[in-house]
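Asker: Just passing along the structure, written as structure tokens.
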Amino acid sequence: MKVCGIDLKGNEAIISLVSLADGLFHLPDCRTRRLTLADTSAKGLKSFQSTFAKLVEDYKIDAVIIRQRQSKGKFAGSAIGFKLEAAIELIDGLEVIVFSPTDIKESLRRNPLAVPFSETGLKQFQETAFTTAYAWLMKNEYASQEASEG
């Protein structure tokens, strides 16, 4: 299974592709590390959505995992970030999961990274997107294993 982890910051969707096959993780090369929304009009959003949909199609991504942001308070996500999230969620035929920070922490506690992030070859700004995808894949993998054993 190949997923795209997303961390929305301001007007950017920071991405990290992660796949899991036979219990091994792979970090496929990707032509972009972030997609930026330069124009917040409807036309700009449609362009962002189209660019993202093309990325999903080209890399045969099975699911998109978005790190959930707070809607209120000091660390609340921006209005533009929520527009980006909606644009991604409305792509036809795409499975989009909004994964909470609490669930991410729980999954990482149960399944810590086998190597330090610095050794993945990804850029530092991609760490949150990567850990979101990794944590979801681990949670998904072990939930399906427990279901088949039970």
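Asker: Could you give each residue of segment 121-136 its phi-based ³J(HN,Hα) in whole Hz, using Karplus coefficients 6.51, -1.76, 1.60 with θ = phi - 60°, and x for Gly or Pro?
Answerer: Taking θ as phi minus 60°, the curve returns x, 7, 6, 3, 5, 8, 4, 5, 4, 5, 5, 4, 5, 4, 4, 5 Hz for segment 121-136.
Asker: Are any of the pairs 83/139; 9/43; 54/123; 43/105 more than 25 Å apart by Cα-Cα distance, and if so, which?
Answerer: Values: 83/139 27 Å; 9/43 20 Å; 54/123 23 Å; 43/105 37 Å.
Going by Cα-Cα distance, 83/139; 43/105 fall outside the 25 Å limit.
Asker: Rounded to a whole number, what is D in µm²/s for the chain from Stokes-Einstein with the Kirkwood radius over alpha-carbon pairs (37 °C, 0.692 mPa s)?
Answerer: Details: Rh = 15.9 Å.
Answer from the Stokes-Einstein relation: 207 µm²/s.
Asker: For the chain, calculate the relative contact order in percent as a whole number, restricting contacts to Cα pairs under 8 Å that are 6 or more residues apart.
Answerer: Details: 218 pairs, mean separation 47.0, N = 150.
Over the chain, the number comes to 31 percent.
Asker: For segment 9-19, take each phi angle, set θ = phi - 60°, evaluate the Karplus expression 6.51 cos²θ - 1.76 cosθ + 1.60, and give the result in whole Hz per residue in order, putting x for glycine and proline.
Answerer: Karplus values, whole Hz, x for Gly and Pro: 9, x, 9, 10, 10, 8, 10, 8, 8, 9, 10.
Readers should treat all values here as calculations from the given coordinates under stated rules, not as data from a laboratory. The structure displayed is predicted, hence computed values, not measured ones.
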